[in-house]
Amino acid sequence: MRWVQSAPGDFQGTPPSPRSGHSAVKIGSSYVLIFGGLVDKKFLNDLTVYDIENKAWFQPECTGSSSDDESVGPSPRAFHVAVAIDCHLFIFGGRSGRNRLGDFWMLDTDIWQWAELTGFGDVPSARDFAAGASIGNGKVVLYGGWDGSKWLSDVYILDTISLEWRQLQVTGPTPPPRCGHTATMVEKRLLVLGGRGGGGPIMGDLWALKGLFDDEKDSPAWTQLKLPGQAPAPRCGHSVTAGGHQLLVYGGHGTGGWLTRYDIYHSDCVILDRASVQWKRLLVTSESPPPRAYHTMTRVGNQFLLIGGYDGKSTFGDFWWLVSEDDPMAKRALQSAQKSPDVMPMPLEKHSNLLPIPSVASRETATVEEGLLSPLVELRRRLGLSPVPITPEVSDFRAVDEQVEKQLVALGITLNQQGTSINRKSIVKSIREHWSVCDPKLIRLKELGPLLLDYQHLVALAHEHLWMEPNSNNVEAEVPKINYRFFHLKNVRQVCVDKKKLYLAVCPSRVF
């Protein structure tokens, strides 16, 4: 599989603006409907439609019921539930500002008419970050969410013909309450994956709910599934998209660290293979889109379309296709990369003393041929990080060297009480000699930051040496194996505070 960023010629019309927390629902094989979302604290209620056959975006002129702000259709919102049944789009709940919503809407795509529906029975409370799915026979299942005061684990079934809500009474163990999860129908089971739970922890568990259909003999019950293989890391705000006998899990928001927690946004693709009943990592031969959560991923034919999302700082408005290697889009992207001089790797037999550094724009979109892929780029891809290193910037060794030297000199002066008149190189040398012989238990916490930075700089230099100066005289010579374990870290707070383990892996004398 290969990621391909959308080109201007892929679409006609005006595509949706940047957003996250929106919905993308496929209506048969004709349309993909993009509704709502959030950007820069502004909640949206616009509707943009992708015409699959004509590969064109358009904004239909809708009629029908009006919302509180007197516009046709639902009020602005994000993090709502959107489900398609035949030619109808159903919208429930979501959030607008600080308010959780509990209203229920239907759009008839044959005549582009909105209608606000009034249900009866066990009507669910207002909520956002819930998940739902169509279960057939004109019914929708709704699970979980956040009502503003507590996380939820309730299950409701809506008959869209009679508009009756029914809360499902489930026996036995139930999943912990959660929001930001996904809910996907597989045969007669509802699969719920991940989400953020009560108290804030992000989960990666998988549950299956049976008993949703009237003709089933079994009572409704949950079963936690623990499948073999490489399961996705705990996350919320991810997407799960069905494709044949497989479910594709992409992106999402997680956390890392131990004493100090920090946010992680994923860009990995994990497959739940229903045939072998196990998790598998999807092999992707190109750079992935920037990590994100609260995006949408929709299957369009044999392709998957990624729209929008959020990475903790920015709201995305880009469009990406995930396609097979023999797809015309993949071939087009590969041909484009081969024609671009900025993204072609230097031939191995023509190395010089300088490695060409492409521009930032070209580095972000570069596709490097398999076999010539930089180990650092491959490492960052596997870790789900952006293709352009952040710390240290490998393409600018002088800036990193100055930063390292400055911290090492300051630390050396503090530890050894040396004056600033002492040669700076001597101070750096003495610090490295100190680290190479001292007991790890005696390393002070304030030394770990400079130690980590110095290690990253030495790894970058070692990588540059191996990448630019291969041993042409002895091709069978053993190539040193570089320890990249901590190269991706932005700062020492992201490392478990076991100084001995950190020292043994990071000490400059142990880069190889």
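A short reminder: the numbers here are calculations on the coordinates, not readings from a lab. Since we're looking at a predicted model, the values are computed, not measured. Note that we place each Cβ from the backbone using ideal geometry, even for glycine, and neighbour counts take in every protein chain shown.
What is the order of H457, H434, fewest Cβ neighbours within 10 Å to most?
Listing H457, H434 from fewest to most nearby Cβ atoms yields H434, H457.
Let me check I've understood the local charge: for G180, count other residues with C-beta under 9 angstrom from its C-beta, Lys and Arg +1, Asp and Glu -1. What total comes out?
Local charge sum for G180: +3.
What order do you get for T14, T174, T109 when you list them from fewest to most C-beta neighbours inside 10 Å?
T14, T174, T109
Determine, from the Cβ-Cβ distance of S276 and S149 and an R0 of 51 Å, the FRET efficiency 1/(1 + (r/R0)^6), rounded to the nearest 0.05.
Computed FRET efficiency for S276 and S149: 0.75.
Could you list which residues have their amide H under 5 Å from that of S75, counting only those 5 or more apart in sequence or on another chain, with H placed in the peptide plane?
D68
To make sure I understand, if each residue's beta carbon is the centre and we count other beta carbons within 10 Å, what order do F90, F213, F129 fall in, fewest to most?
Final ranking by Cβ density, sparse to dense: F213, F90, F129.
Report the full-extension gain for the segment Q12 to V300: residue separation times 0.36 nm, less the Cα-Cα distance, to one decimal in nm.
Full extension from Q12 to V300 adds 102.1 nm.
About the Cα centre of segment 90-247, what is the dipole size in debye to 20, counting +1 per Lys and Arg Cβ and -1 per Asp and Glu Cβ, all else neutral?
Magnitude of the dipole: close to 760 debye.
Quick check: net charge around H253, other residues with Cβ under 10 Å of its Cβ, Lys/Arg +1 and Asp/Glu -1?
+1
Is the shape of segment 8-118 best called rounded, prolate or oblate, per the rule: a/c under 1.5 gives rounded, else a/b larger than b/c gives prolate, else oblate, with a ≥ b ≥ c the square roots of the Cα gyration tensor eigenvalues?
Verdict is oblate for segment 8-118.
Karplus couplings for segment 193-200 from phi (6.51 cos²θ - 1.76 cosθ + 1.60, θ = phi - 60°), rounded to Hz, Gly and Pro as x?
Couplings: 10, x, x, 9, x, x, x, x Hz.
Provide the net charge surrounding D311, with neighbours chosen by a C-beta distance below 12 Å and charges set as Lys +1, Arg +1, Asp -1, Glu -1.
Residues near D311 contribute 0 overall.
R0 = 35 Å: FRET efficiency of S66 with K331, Cβ-based, nearest 0.05?
0.15
Greater than 30 Å separation of Cα atoms is the criterion. Which listed pairs, K313/K429; K26/K331; K139/K313; K55/K226; K280/K331, meet it?
Beyond 30 Å: K313/K429; K139/K313; K55/K226.
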